[in-house]
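What follows is a single structure, written as structure tokens, with notes after it.
The values are calculated or read from the model by the stated rules, or taken from the named source; none is laboratory data. Note that this is a predicted model, so its numbers are computed, not measured. Positions of Cβ are generated from backbone atoms using ideal geometry, with glycine treated the same way; all protein chains shown enter the neighbour counts. In case anyone asks, the SASA skips ligands and DNA or RNA and just uses the protein heavy atoms, side chains included. Shrake-Rupley method; radii C 1.70, N 1.55, O 1.52, S 1.80 Å.
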Amino acid sequence: MERKSQGSLKLASSTLIGEKDILQQQEVPPGLDSSREDRPLGLDPGALPAEALSAAADSDPLTPQTEDPQGLDRAPAGMRGDPLLHCRSSNEIAEPLQSPILWHCPDGSFVKRIMVQGQGLDKPKGGSQCQVLVSGLPPGVGLPEGWTELTVGSGSWRDSLWGEVLEKCLETMCSGEQAELLLPGGAEPPALITLASFTMGKDSWELTVREKEELASEERARGTELFRAGNPEAAARCYSRALRLLMTLPPPGPADRTILHANLAACQLQLGQPTLAAQSCDRVLERDPRHVKALYRRGVARAAFGELDGAADDLRRVLEVEPGNRAAREELGRVVIRGREQDEGLARGLRKMFG
């Protein structure tokens with residue numbers, strides 16, 4: 001996705017690497033998949049606390065800025081004066097709502113407080129180029145303040161949690177709409193988003209098989225780049241988006257799905273999500289029961305949440321395929337020791353109970 005905005009920070013370009021290169025730099029021991037794959041990652045679903053919504057409802061509505069002495073310097077090319085005027089008739093100027101409308105995202109990732117309603121029924125889709133005014137975002141989220149152009153489904157601006165939520169929010173907005181974007185829990189102050197205009201895009205069901213595979217490949221490459229840069233959270237979002245695209249294809253689907261699930265498991269292990277990592281490995285092993293990296297990662301995940309017998313079974317299966325796999329052998333040794341300690345503790349408890 002491309003973002004065009006005067007005054008925006010230059011993003012450092014990252015070198016795209018192969019899947020083998022990642023493996024050498026991750027903390028997961030060697031011998032695993034070179035490619036990586038919240039819930040898949042994303043914000044935790046949850047309702048916004050009542051006190052946060054109440055505070056938002058009691059505040060005065062913010063009126064959209066139709067004149068900005070600095071605006072001409074910051075507006076994208078082709079935008080002059082008030083960028084909202086081109087989507088209104090000469091006799092129709094949008095006014096703030098007397099009672100702002102609260103809209104809850106079905107997945108619980110955000111709440112949108114609509115201050116000014118947009119026009120029409122169309123909303124941005126994949127590939128839509130959106131002229132957006134953003135303000136109030138926390139520093140360091142990779143998005144510029146002021147007018148900018150964002151492309152739905154593309155670009156590094158989606159790497160952060162705020163970027164992911166902003167993209168979801170844009171897909172619910174009409175031209176000319178202004179809204180406050182609130183995250184669950186109310187920990188962050190709301191950001192103010194104005195969608196001036198957008199070009200028409202495509203829903204996922206309108207994409208051809210080739211278009212879906214190409215988009216998934218781009219997401220996978222970006223995820224690999226982010227994982228190598230030490231950002232497993234953003235990498236997991238990329239792998240999850242790629243999987244959502246490929247899961248809509250007829251079974252059995254492309255082989256990339258196996259790699260993406262294995263990559264996602266690697267990210268989830270680093271993020272301290274062993275249950276999710278084990279589930280991702282299950283998806284891999286359904287298609288390839290002897291997938292060494294998935295077996296190893298599931299063994300590590302099972303050990304993390306205390307399923308020691310299952311962990312030992314997975315690690316022994318790794319050693320059956322690769323007897324020289326040092327990482328699996330060391331992990332199996334740790335699991336066996338933990339199992340013995342657990343058994344001894346249980347025995348001591350029984351002796352105290354019946355002794």
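Here are a few things to note about the model shown:
- Gly126 fulfils the conditions (1) open to solvent by 20 Å² or more (accessible area, probe 1.4 Å); (2) more than 18 Å from the chain's Cα centre (by Cα); (3) farther than 22 Å from Asn231 by Cα except for a single criterion, (2).
- All conditions but one from (1) more than 23 Å from Cys238 (Cα to Cα); (2) open to solvent by less than 20 Å² (accessible area, probe 1.4 Å); (3) over 20 Å from the mean Cα position of the chain (by Cα) apply to Thr148; the one that does not is (1).
- Every pair of residues 6+ apart whose Cβ atoms lie under 6 Å, when the first sits in segment 263-291 and is at negative phi and open to solvent by less than 40 Å² (accessible area, probe 1.4 Å) while the second is outside any helix (DSSP H, G or I) and among the charged types (D, E, K, R): Asn263/Arg36; Asn263/Glu37; Leu264/Glu37; Ala266/Arg36; Cys267/Arg36
- From the list Leu249, Leu226, Leu215, the lone residue that is at negative phi, in a loop (DSSP other than H, G, I, E, B) and either at pLDDT below 95 or crowded, with 22+ Cβ neighbours inside 10 Å (or both) is Leu249.
- Taken over segment 309-321, the criterion of being surrounded by fewer than 19 Cβ atoms within 10 Å (Cβ to Cβ) and of a type in the set (A, V, I, L, M) is satisfied by Leu319, Val321.
- Residue check for Arg244: surrounded by fewer than 19 Cβ atoms within 10 Å (Cβ to Cβ) and at pLDDT 90 or above: yes
- Of all the residues in segment 167-209, those that are in contact with a Ser or Thr (Cβ under 8 Å, 6 or more places away or on another chain) and surrounded by fewer than 17 Cβ atoms within 10 Å (Cβ to Cβ) number 4.
- Within segment 260-337, helices (runs of 4 or more DSSP H) holding 3 or more residues that are in the same structural domain as Arg222 (by the TED database) and closer than 23 Å to Glu219 by Cβ: 274-287, 292-304
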